[in-house]
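Bear in mind that the values in this text are calculations on the coordinates, not laboratory data. This is a predicted model, so every value here is computed, not measured. Counting neighbours? That spans all protein chains shown, and the Cβs are built from the backbone with ideal geometry, glycine included.
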């Protein structure tokens, strides 16, 4: 419960490309805020994690790699919630006219991935599943946008990427070769600085509830999802139809920290340690499950949106 004194506080939130701001505004959960929220927008997760670690924001929305990498360096923050999405939106993609029809066909091909991201983890695990050594493919390290352009132009034969890039490529005739299901957890996190937890716990708990309510709102009615997509597209000047398809497929929801979340994160840390990007460590020290009560368990049982944390 937010007290009168806490109502005068300001929560500084790090968002990526207006995603969470858009859905919270569209759902109306920000209409009766008893405290101030200052939003800071970032283009990707790494600068969000950096801003939180340097005290420029209190709470941030990120994929799993930035906080897990920062945790290896001893950052002063905690992971207090997990955001899950349909894993069909994290995929290895090939052109529609490609002669690649199975993972086994990747041998000898040029593949673009983003180092230290879901795409690298997905590709390397997919190669292992197919029994293909990593040195049997030609890797190109590109960000998600450049990788999409490289696939379109024929500069590479396949890419590892995520939505909305997967949907954009599919609409241009590309085909999904494999998804993250059964290969990687592909989790996203809500992270908070240690100082904010100490000073603004009640405000953070209230804000978490509103984030979860907004995500649940978008899943309850296709019209709500469309309103969210229109709001986001209006802020980013993106194609509303792509946004609608993206959000309808992703079915993103916010959930509390569980042992399965921590286990999946440890698998991710161990993977990146295994390829020499970080040193492995016990990931459990980064997680704070004391906000689980604030994050009411509104888990949807739709199998299409259930993340598989085994691999």
>> Just to compare against my own numbers: the Cα pair-distance distribution for the range 135-202, 5 Å bins, whole % per bin, please.
In response: 3, 12, 19, 18, 14, 8, 6, 8, 6, 5, 1
>> Order 87-93, 260-266 from most to least packed using the mean count of other Cβ atoms within 10 Å.
In response: 87-93, 260-266
>> Between the range 188-230 and the range 104-169, what is the separation of their alpha carbon centroids in Å?
In response: 32
> How big, in percent, is the set of alpha carbon pairs in the range 87-179 lying more than 16 Å apart?
Replying inline: 44
>> Can you tell me the orientation of helix 222-236 relative to the chain, as the angle in degrees between its alpha-carbon axis and the longest Cα principal axis, to the nearest 10?
In response: 90
> Say R0 is 35 Å: what FRET efficiency, to the nearest 0.05, do residue 76 and residue 30 get from their beta-carbon distance?
Replying inline: 0.80
> How do the peptides 96-109, 222-235 rank, highest first, by the average count of neighbouring beta carbon atoms within 10 Å per residue?
Replying inline: 222-235, 96-109
> By the gyration tensor of its Cα atoms, with a ≥ b ≥ c the square roots of the eigenvalues, what is the shape of the range 180-301: rounded for a/c under 1.5, prolate for a/b over b/c, or oblate?
Replying inline: oblate
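Please compute the contact order of the range 87-179 in relative form: average sequence separation of alpha-carbon pairs under 8 Å and at least six residues apart, divided by the residue count, as a percent.
On the way: 169 pairs, mean separation 46.4, N = 93.
For the range 87-179, the relative contact order is 50 percent.
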> In nm, to one decimal, how far is the modelled label at residue 145 from the one at residue 172, with both set 7 Å along Cα→Cβ?
Replying inline: 1.3
> Quick one: of the DSSP bridges fully inside the range 87-179, what percent are antiparallel, nearest 5?
Replying inline: 60
> Okay, helix-only estimate at 222 nm for the chain: each DSSP H run of n ≥ 4 adds -39500 (n - 2.57), divide by all residues, round to 500 deg cm²/dmol; what do you get?
Replying inline: -12500 deg cm²/dmol
>> How far apart, in nanometres, would the label points at residue 138 and residue 220 be if each is projected 7 angstrom from Cα along the Cα-to-Cβ direction?
In response: 5.3
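Could you work out the relative contact order of the chain? I mean the mean sequence separation of Cα pairs under 8 Å and 6+ apart, divided by the number of residues, in percent. All intermediate terms of the calculation are to be shown ahead of the outcome.
On the way: 602 pairs, mean separation 85.3, N = 311.
27 percent.
Give me Rg over Rh for the chain, both radii from the alpha carbons and Rh done the Kirkwood way, two decimal places.
Working: Rg = 19.3 Å, Rh = 20.0 Å.
Rounded to two decimals, Rg over Rh is 0.97.
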> Convex hull over the alpha-carbon atoms of the range 1-142: what's its volume per residue in Å³?
Replying inline: 153
> When the chain is fully extended, how far beyond the present Cα-Cα distance does residue 43 get from residue 237, taking 0.36 nm per residue of separation?
Replying inline: 68.4 nm
> So, by mean Cβ neighbours within 10 angstrom, what's the order for 281-293, 61-73 with the highest one leading?
Replying inline: 61-73, 281-293
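When DSSP beta bridges are limited to those with both residues in the chain, what percentage is antiparallel, rounded to the nearest 5?
Details: 23 of 39 bridges.
In the chain, DSSP labels about 60 percent of beta bridges as antiparallel.
Given the Cα-Cα distance of residue 263 and residue 155 and 0.36 nm per residue of separation, how much length would full extension add, in nm? Walk me through the numbers on the way to the answer.
Numbers: separation 108, 0.36 × 108 = 38.88 nm, distance 3.70 nm.
Extending this stretch completely gives an extra 35.2 nm.
Taking neighbour Cβ counts within 10 Å as the exposure measure, how do 135, 58, 199, 15 sort from fewest upward? Let's see the in-between values first.
Details: 135 7, 58 26, 199 13, 15 19.
Listing 135, 58, 199, 15 from fewest to most nearby Cβ atoms yields 135, 199, 15, 58.
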